[in-house]
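Here, each number is a calculation from the coordinates, and none is a lab measurement. Owing to the predicted nature of the structure, the values given are computational and were not obtained by experimental measurement. All Cβ positions, glycine included, derive from the backbone under ideal geometry; neighbour counts span all protein chains shown.
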Amino acid sequence: MDKEKQNEQSRIDYTIEAIEREQKRIQESLKSVKEEARGIRSNFWEDVRVNLAEPDDVSETNISIRQQEHFLRERERNYEHGEKQLAVFDKMKSSPYFARIDIEDEETPRENIYIGIGSALDESDQFLVYDWRAPISSVYYDGQIGEATYETPEGKLTVNVLLKRQFKIKDGKLESMFDTNDAIGDEMLQEVLGSESSLQMKNIVSTIQQEQNRIIRDTKSDLLFVQGAAGSGKTSAVLQRIAYLLYRFRNGLDEKQMMIFSPNRLFNHYIANVLPELGEKNMIQTTFQDFIAKRLGKLDVESLFEQFENETNQARKEILLLKESTFLFELIDKYIALLQKGGLRFKDIKFRGETVISKEDIQAIFYATPRYKMPARFLETKKVLREKLYELANLEAKKAWVKDEMELLSEEEYRALVPTKLEFQSFDDEQDYLAKKIVRLKFKRLHKSVLDNQFWHMKQQFGHFMQYAPRLFDLAEFNISKEDWENEIHRIVASLNENKLALEDAVLFLELCDAALGKKVNRIMRFVFIDEIQDYSKAQIAYLKSIFPSSQFTLLGDLNQAIFKRNEKSLLEEIAPLFDASRTSVVELSKSYRSTEQITNFTKEIMTESERIIPFSRQGDVPKVIQTENFVAMMDVVQREALKLKKRSNMVAIIGRNQEICEEAYLSLYKKMDVKLVHMGNQKLSEGIMILPSYLAKGLEFDSVIVLDASEKTYPSSADKTLLYTICSRAMHDLVAVSNGEITPLFKTIPNYLYEFETLSVKTQLPSDS
Ligand SMILES: Nc1ncnc2c1ncn2[C@@H]1O[C@H](COP(=O)(O)OP(=O)(O)OP(=O)(O)O)[C@@H](O)[C@H]1O
C-alpha cells in the first residue's frame, strides 16, 4: 500500500473509532432519555397540579398539563433523533465517507473536507465527516479543480478546490481511491452502473452529477420542472432532493409534509428504500389513482389497467383532449354561478322507505338561503334540514311502529336506552322518552347523510353539467359534434350508474363538488413531487395545485415516454401558465445512465429528437431483434433468450404491450421454466424471470429486457413510439426484441449496425418447435 493510501486508511480507522465512541455516548443518553420519558409518563398526573376549584386554577392546571406534555414530546423527539443518528452511524462504521475535497480561501489555509452520508465530529467538535447535504459538500458535486462557489444560507461563498478524491470503503477497509478532475469521475460511476439491478432502487449519493445536484439543491422554485431522457436519473435525483430538503429545513419540515405521486404501486415499493438508506423516513407515497379514489369515496375511479387497455376512437380523442385541458375545469365556476339562481339537483330524504323531506322541499330551502357563496348556502341548508329532522323525529315518535318496537324491547335493550339514574314521573313519561329515543337513534343515519351532503344529487348534477356545458361554448371549436357529445354523456351516465368514473371525469367531478361544497385543501404539504408527469393532463395538475396551495412542486417527466397522453404540446408549455413564471426553473437531463451505450444508441433512434439523448459510455452487446413466423416460434425464442439471459442477470423482464399478451405468454411458459406474471392484482417485483405489461414497467429497470412481440401488428405506427421507447429503455445491460411476424416499422428506421437482426423461418426453427 502506498504512503498516501496508508494515510487515508489511518484516517478511516480514526474516524470509525470516533463514530463508535459517539455511538456509545448516544446509546447511553438514549437509555436515560427513555427512563426519563417513562418517569414522566408514569408520574404524569402526580406532577400535574390538578385543581379545578376556581377558573384561575383550571387555567393553571391546563398550563401544567401542557408543560408535562411538552417535556414528554421533547424527550420523544430526542429519542427519535438519537435512534436515527445511531442507524446512520451503523452504516458509516462500514463506510464513513465516499469523498474528500481539499479547499482553501483567502482567510483559511488548506482544509480537508470528507463527505459521507451523515456528519461526524471528533472530541473537540471538529468535523471529521461532513454530511453530503452540507453547503460545502456541493463543491464536490459541482466544481472542478480551481475556483468554485457554493450557496450557504448566508449567501454565496467562493473557495479554491485543490483536490477531489473518491473512495470505495467497505467494512472499514479502503478498497480503492482515485483523484479526479471531472465533476464526478467516470470510474466510480462506471462501477455503480455496471452492477446488477435490484428489487429496490439504490441511492446515488456518492455519484450525484452536476446537473442532478441543481435539482437536488433547489429550494426557491415554486415549480421545478425536470425534463429528462429515460434513465437520466430523474427519480434518483428527486429522492435525493427529498433527503436534502429534510436536512436543509430540518427544524421546520418533516416527511409528512412531502408527498410523491408515483406511476403505480409497484413503483412505490421500488423506491421505498432510498430514503431509509440515507437515514431519513419516507415521504408520503401515493398514485394519482389512489389519491383521487380516496377523495371520491364511494365512487370507483377507473384503474390503470382500464385506462390503458380501453380503446378510444378518434371522436372520443377530441373529447378527451378537451377534458384534459383546463377548459372545462375552468367552466365549472361559471356553471356554479348559474346554479346560484336555480338548477341544483337534490335527492329525497327517506325514512323507512318513505320520503320525509322531498327534493322539491330541499330545493325551496336551498334557494331561500341568502345569496352567499355556494358552500355557505349548503351549510345553511344543512342547518335547516337538521332542524326539520328533529321536528320530524318528534312526529315519527307517535307512530305505531315505534310502539311495537317499545313492546318488544328486551331488558338489555331497555337498559341501553334508559340510563340507570333516570326516574320517570309516570308511565306516559317513560313511553314518551323511549319513543323519542328510539326514533332519534334511527334518525342519526339521516343526520349523518345530511352532514355528508347526500341530499345533493352529485352524480345527476355532474351529468347536467356535461349536458349544459355546450351552451357555454362552441363544441365545433373543439372538433366535437353534438352527437359525439351526447354519446359521451350517455357513457358517463352509464358508468355513474355503476358507481364508476373515468380518471379524466373524476377530476372534473371532484372540482364540481369542491366548487359547490368548498374545497378541502391541504396547507400542511410543503413539497409535492410528481413523477412521470407526461402522463398527467393539465386539468389533473391544476386540480393538485388547488389542493396543495402552499406547496412547491417538482415535476419530472419525459415526453418521449408518454403512454397515456393525447396532446402533442410540450409539457412545460401546457403546465407553466399554472405557475408564477419568475419562480419556475427548468432543468433538462440529457445523459442517460441506465443502459449501456449500445442499448441507448438503439432505443433513442426510435424517437425523433434523438440527439437530445446522450448515452453514458458503458459497453455491452448490441441489442438483438429476432423475427419469427408464429406465436409458438416466438415463445420458443423468448424461452431460449430468457434462460440465456438469466445466467448473467438478476432480473429478466419480458415486457408485453398489454395484459392479454402477457397472460398468453405466461400460459405458454410457466410449465417450461420458472417465471412470474406481474399484473394489476399482483404488483410485486421478484428476482429471476418475470412477465409484465408496459404500464407496470414504467419507471423500473431490469438487467435484461425481452420485448414481447415487437411486431408490426402490435406496434404498427408512430403513435406507438413512446410506448416502445419506454419498454426498451428499461434495459440496463441486455435488450432482445422478439416478434411474431414482421417486425415493427419503428425498428426498421434504426440504422442496422446498431443491432443484430435474425429471422427464424419455419425451416430454421428451434428443435423444440419441430
Ligand atoms: N448520478 C448517478 N449515479 C449513479 N447512478 C445513477 C445516477 N443517475 C442515475 N443513475 C442510475 O441510472 C438509473 C436510472 O435512474 P432513474 O430511474 O432515476 O432515471 P429516470 O430518469 O427516472 O428514468 P425513467 O424516466 O426511464 O424512468 C438508475 O439505476 C440510477 O441508479
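What to note about this one:
- When only alpha carbons are used to place a centre, the stretch 583-601 and the stretch 394-466 end up 65 Å from one another.
- Cα centroid of the stretch 486-508 to Cα centroid of the stretch 341-383, whole Å: 25
- Residues in the stretch 192-197 carry Karplus couplings, in order, of 5, 6, x, 6, 6, 6 Hz; the curve used is 6.51 cos²θ - 1.76 cosθ + 1.60 with θ = phi - 60°, and Gly or Pro positions show x.
- Under 12 Å from Lys399, Cα to Cα: aspartates and glutamates that are on another chain or at least 8 residues apart: Asp432
- Under 5 Å, built H, 5+ apart or other chain: amide partners of Thr554: Leu224, Val528, Phe529, Ile530
- Other residues with beta-carbon under 12 Å from the beta-carbon of Asp222 carry, at +1 per Lys or Arg and -1 per Asp or Glu, a net charge of +2.
- Share, in percent, of DSSP beta bridges within the stretch 609-718 that are antiparallel, nearest 5: 5
- The stretch 664-739 - Kirkwood radius from inverse mean 1/r over Cα pairs (Å): 13.2
- Built amide H within the under 5 Å cut-off of Lys347, gap 5+: Trp456, His457
- 3J(HN,Hα) couplings calculated from phi for the stretch 240-257 with the Karplus curve 6.51 cos²θ - 1.76 cosθ + 1.60 (θ = phi - 60°) are, in sequence order, 5, 4, 4, 4, 5, 5, 4, 6, 4, 10, 4, 8, x, 9, 10, 4, 6, 9 Hz; Gly and Pro show x.
- Aspartates and glutamates whose Cα lies under 18 Å from that of Lys646, excluding same-chain neighbours fewer than 8 positions away: Glu196, Asp621, Asp636, Asp674, Glu687, Glu701, Asp703, Asp734
- Using θ = phi - 60° in the Karplus curve 6.51 cos²θ - 1.76 cosθ + 1.60, the 3J(HN,Hα) couplings for the stretch 670-677 round to 5, 7, 9, 7, 7, 9, 10, 9 Hz; x is entered for Gly and Pro.
- From helices alone, the chain scores -14000 deg cm²/dmol at 222 nm; the rule is -39500 (n - 2.57) for each run of n ≥ 4 DSSP H residues, then divide by the residue total.
- Given charges at beta-carbon only (K, R positive; D, E negative), |dipole| of the stretch 574-648 in Debye: 560
- Here the alpha carbons of the chain define both size measures, Rg and Dmax, at 32.4, 103 Å.
- Subset of Lys294/Lys538; Lys382/Lys437; Lys341/Lys398; Lys448/Lys538; Lys519/Lys721 violating a 28 Å alpha-carbon distance limit: Lys341/Lys398; Lys448/Lys538; Lys519/Lys721
- Look at Glu405, Glu330 and count the other Cβ atoms within 10 Å of each Cβ; fewest to most, that gives Glu330, Glu405.
- Residues whose amide H comes within less than 5 Å of that of Lys591, counting only those at least five positions distant or on another chain, are Ile614 (H built at 1.01 Å from N in the peptide plane).
- For the stretch 413-566: rounded, prolate or oblate by the Cα gyration tensor [a/c cutoff 1.5]: prolate
- Inter-part distance where the stretch 224-296 and the stretch 132-169 are each reduced to a Cα centre, Å: 26
- Unit charges on C-beta of K, R, D, E only; dipole of the chain, Debye: 1680
- Principal-axis analysis of the Cα atoms of the chain puts helix 631-646 at an angle of about 70° to the longest axis.
- Sorted by Cβ density within 10 Å, fewest first, the residues Trp132, Trp456: Trp456, Trp132
- Of the residues Phe616, Leu157, Val301, the one whose Cα sits farthest towards the positive end of the charge dipole of the chain is Val301 (charges of +1 on Lys and Arg Cβ, -1 on Asp and Glu Cβ, taken about the Cα centre).
- In a simple Cβ point-charge model (Lys, Arg +1; Asp, Glu -1; nothing else charged), the stretch 597-760 has a dipole of about 420 debye relative to its Cα centre.
- Peptides ranked, highest mean first, by Cβ atoms within 10 Å: ranges 740-750, 671-681, 225-235: 225-235, 740-750, 671-681
- In summary, the lysines within cross-link reach of Lys84, defined as a Cα separation below 26 angstrom excluding same-chain residues under 8 places away, comprise Lys24, Lys31, Lys34, Lys93, Lys168, Lys170, Lys173, Lys202, Lys256, Lys281.
- Beta bridges from DSSP with both residues in the chain: antiparallel share about 35 percent, rounded to the nearest 5.
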